[in-house]
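The values are calculated or read from the model by the stated rules, or taken from the named source; none is laboratory data. Everything numeric here is computed off the predicted structure, so don't read it as measured data. Note that each Cβ is placed from the backbone with ideal geometry, even for glycine, and that neighbours are counted across all protein chains shown. Surface accessibility is based on the protein's heavy atoms, side chains included, excluding ligands, DNA and RNA. Shrake-Rupley method; radii C 1.70, N 1.55, O 1.52, S 1.80 Å.
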2 protein chains.
Amino acid sequence: MASDHTRSAILAAAERLYADRGFGDVTLRDIVAEAGVNLAAVNYHFGSKDELIAELFVTRSVQTNRERLRELKAAEEDGGGRAPIEVILRALVGPTLRGCLGPENQRSTAARFMIRASIESVPPIRRIKNREIDHLRKFAGAMRRALPERSEVDIYWGLNFALAMAHHTIRESERLTKLSEGKCDLDDVEDVVARVVSVATMALTAGRAETKAPPRVAAR
Amino acid sequence: MASDHTRSAILAAAERLYADRGFGDVTLRDIVAEAGVNLAAVNYHFGSKDELIAELFVTRSVQTNRERLRELKAAEEDGGGRAPIEVILRALVGPTLRGCLGPENQRSTAARFMIRASIESVPPIRRIKNREIDHLRKFAGAMRRALPERSEVDIYWGLNFALAMAHHTIRESERLTKLSEGKCDLDDVEDVVARVVSVATMALTAGRAETKAPPRVAAR
DNA sequence: GATAGTTTCATACAAGTGTTTGAATTGCAA
DNA sequence: TTGCAATTCAAACACTTGTATGAAACTATC
């Protein structure tokens, strides 16, 4: 087994570079330079570049999902099997938002890497990603228990919109800051979480009447 | 000037391929094969690959923005300088959603290309993209006129969330279909537009009291 | 129909990619 | 220390990328 030092140095360097610059333009040579190891080390320890990426993604994927599920489980147990919708949504988007936003120095490389992965979708990751659906289904289930009177379609749309707001805010955080001339404070993570959860909750609990077909406004 | 046939064949082929497979793995050789022209034609007509991408993006960018602004202008004139917030939001997200969703055969390559561009952010595009902010600012202005009692920060967040829901829904449409087992009908574009507009409107018009700090729910 | 300018083409080039190789070095057990 | 496996390393490999070249084909004007 030996030191494993090289192995983890590669993992750390690769994750950092991918998180910062995306998969598109990070080469093996960039990674080994950052890690301070020899070029051949990647193929020796991981077999191929794709397997390195896959290992990175799988590791982080189960971590993130575990964290989200832990929050969800705790909430549902507190409520005797039924958690308030706000808390469910918070468990869904909170961990990722907290990892990717906030003061620069405390942003987690892991979370930023996962966002990259959710954006760029390079082949080795795309193959794995289908399992994510099973994970989301657990949240959909919890949401249905929290809002039993709500139609399934509305639940899925609410879930979709919650993820949309969280991910987009992270991905376009720079643009939002520039657009608002700094007025939107993305370092106040808990405020961002609260905003996303609040809007998603409204989407899910708004007046039943307009559920299937929200009020159409005449175009133009 | 001659035929220009080769030029436009390249543009069309490139747009189609980029829209389908992303910038990451579409080579010049793929493009010329699809266009049925010689490899050197790209450099002859456009100078370089990056300039080809840039031209594609600039063309589509002004088209999309013009379409959105046309809807916005018309709405504001109808209302004597102040349009209902729903109509503004519809002008913002409608064109893109209509171009990217709906029955497969009527999805516009142009819109799908723009979504790719908004996701992958390859260098030649990134350089141009900053002008997008000026465009969004016009919508922010219209929204502020529609909701003068609302704080600027809330306006920007609402704008951000509206774009978030629209783009994310397009990008992850496949996953949403699979997750909901087809229950969410993404071919019914007008329903999708209505849902996005409805939620964004709620986000922007929800009870004033909880504006700055939406109700916090105890975590876990 | 000859000629000049434009456009196409096959081909070559330089640079960069992930991967492989085989020799050197290391670390550890006998 | 000796011996052997695990690891590191420099170098080369095979391949793909975008771009450049110079000859060929075409087009239109005189």
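Annotations
- Label-to-label distances for residue B:134 across copies, nearest first, come out at 5.1 nm, using points 7 Å from Cα in the beta-carbon direction.
- Accessible surface comparison of B:45, B:135, B:5, B:167, probe 1.4 Å, protein chains only, largest first: the order is B:5, B:45, B:167, B:135.
- Area accessible to solvent at residue A:116, 1.4 Å probe radius, in Å²: 70
- Per the accessible-area calculation with a 1.4 Å probe, the total area buried between chain A and chain B rounds to 5700 Å².
- Computed from the C-beta positions of residue A:106 and residue A:21 and an R0 of 25 Å, the FRET efficiency is 0.75 to the nearest 0.05.
- Positive-end residue, chain A charge dipole about Cα centroid, Cβ charges, pick of A:165, A:52, A:17: A:165
- With the charge dipole of chain B set up from +1 on Lys and Arg Cβ and -1 on Asp and Glu Cβ about the Cα centre, the Cα lying farthest toward the positive end among the listed residues B:140, B:118, B:33 is that of B:140.
- Between copies, the label points at residue A:178 (set 7 angstrom from Cα along Cα-to-Cβ) are spaced 3.3 nm, reported in nanometres from shortest to longest.
- 0 to 90° range, to nearest 10: angle between helix B:109-120 axis and chain B longest Cα axis: 80
- Cα long-axis angle, helix A:152-171 against chain A (0 to 90 degrees, to the nearest 10): 50
- Solvent-accessible area of segment B:58-207 (1.4 angstrom probe, protein heavy atoms only): carbon and sulfur portion equals 47 percent.
- Working from Cα pairs under 8 Å separated by at least six residues, relative contact order for chain B is 22 percent.
- Estimated vicinal HN-Hα couplings, Hz - segment A:34-41 in sequence order (Karplus 6.51, -1.76, 1.60; Gly, Pro = x): 4, 7, x, 10, 7, 4, 5, 4
- Sparse-neighbour loop sites [trypsin sites (Lys or Arg not before Pro); segment B:69-98; at most 16 other C-beta within 10 Å; DSSP]: B:82
- About the centre of its Cα atoms, the protein assembly as shown shows a dipole size close to 320 debye [charges on the beta carbon of Lys, Arg (+1) and Asp, Glu (-1) only; nearest 20 debye].
- Every helix of 4 or more DSSP H residues in chain B counts as -39500 (n - 2.57), and over all residues that averages to -23000 deg cm²/dmol at 222 nm.
- Checked against a 27 Å cut-off, the cross-linked pairs A:73/A:129; A:49/A:129; B:49/B:178; A:183/B:49 give Cα-Cα distances beyond that limit for B:49/B:178; A:183/B:49.
- For chain B, the longest principal axis of the C-alpha atoms and the axis of helix B:49-78 are separated by about 30°.
- Rounded accessible area of residue A:190 (nearest 10 Å², 1.4 Å probe): 70
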